[in-house]
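See below for the structure under consideration.
The values are calculated or read from the model by the stated rules, or taken from the named source; none is laboratory data. Quick caveat: nothing in here was measured; it's all calculated off a predicted structure. Cβ placement follows ideal geometry from the backbone for every residue including glycine, while neighbour counts extend to all protein chains displayed.
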Amino acid sequence: MIRVREALPAGGPETRSAAAAVAGAVTALFVPGNRPERFAKAAASGADVVIIDLEDAVAAGDKAHARHEAVAALRGGAVRALVRPNAPGTAEYDGDVLALLDLASRPGHGLLGVMLPKAEDPGQLAALAASLPRDVPLVALVESALGLVNAVELARVPGVARLAFGAIDFALDIDADGGDRFLDHARSRLVVASRAAGIAAPLDSPATAIRDTGPVAESARLGRGFGFGGKLCIHPAQLAAVKEAYSPSAEQIDWARRVLAAEGGAAQVDGQMVDRPVTDRARRILERAGHEQTGQD
């Protein structure tokens, strides 16, 4: 039985630090839990957050070893990462969660959050959230039809920083083709659910191409177009393409500056009426680009 550990007061600096890192990540890089020699390399790769994976990337006979290595690396705080445990209902789930709870109770740990795979049951997710200290946010990985139907409820669970999409498992669950465009409905629904729940935009599923960054960039641009806030990655070679796809282009920045310059004056920019939704979009573009809303460097 999982005990509820003492939580930090809501809104404390620890809570904001971990939650902000998880909610603001554009690139989230998986690293296998049984490859501890890769943990530091992943942390130094330029990914916004690292996810130590105890689930899909680890063979059945290596699960206990992966759990041990992940906890050992995070215990002293030299490595900061989320951890994806094995899915609820598996033989490894309780052991993974108990190990993470013990880790999270120790001062100076590097556990940045927990990504729950096969997230479907809001009650189960809430129980996990209640067991964790409040400075350890959750990411709910939606990988099934039931998870998608319950997406709003999952997103509303206190402690959930954002949703994420597991397209390969989702396509298998609904017996669909795994191509991106066959999953448009699922992507839209996760974005809408996140917005309705008032949490950060979700993380999109990783691209399966690794060295060929063209498909990675195309997949990332698709997700950004749907309103995703970032993308899961399975190799450091994917990071630059994803980051670029989620960053406003020079043309978008120029357009946004001209829109804000015209605010309250000219009626249109590039043939488009300048009203509040247009100026709000321009501000968001400049915020994402790291520029001042006034358009000054």
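Could you tell me which of the residues Asp135, Asp94, Asp184 is under 30 Å from Glu218 (Cβ atoms), in the same structural domain as Ala66 (by TED's automatic domain parsing) and of a type in the set (Asp, Glu)? After ruling out the rest, the residue left standing is Asp184. When every residue of the range 50-57 is checked against the conditions, at least one turns out to be over 30 Å from Glu287 (Cβ atoms), surrounded by fewer than 22 Cβ atoms within 10 Å (Cβ to Cβ) and either of a type in the set (A, V, I, L, M) or touching a helix residue (DSSP H, G or I) at 6+ places or on another chain (Cβ under 8 Å) (or both). Restricted to the range 1-52, and to residues there that are of a type outside the set (Asp, Glu), assigned to a helix (DSSP H, G or I) and in contact with a Leu (Cβ under 8 Å, 6 or more places away or on another chain), the residue that is modelled with the lowest pLDDT is Thr15.
Scanning the range 80-138 for residues that are over 15 Å from Ala161 (Cβ atoms), of a type in the set (Val, Ile, Thr) and outside any helix (DSSP H, G or I) yields one hit, Thr90. Of the set (1) modelled with pLDDT of 75 or more; (2) more than 18 Å from Phe228 (Cα to Cα), all apply to Leu286 but (2).
Screening Asp173, Asp135, Asp169, Asp180 for residues that are closer than 20 Å to Pro206 by Cβ and at pLDDT below 95 leaves exactly one candidate, Asp180. So is Asp102 more than 16 Å from His68 (Cα to Cα), in the same structural domain as Ala47 (by TED's automatic domain parsing) and either at pLDDT 95 or above or among the polar types (S, T, N, Q) (or both) or not? For Asp102, the condition - more than 16 Å from His68 (Cα to Cα), in the same structural domain as Ala47 (by TED's automatic domain parsing) and either at pLDDT 95 or above or among the polar types (S, T, N, Q) (or both) - is not met.
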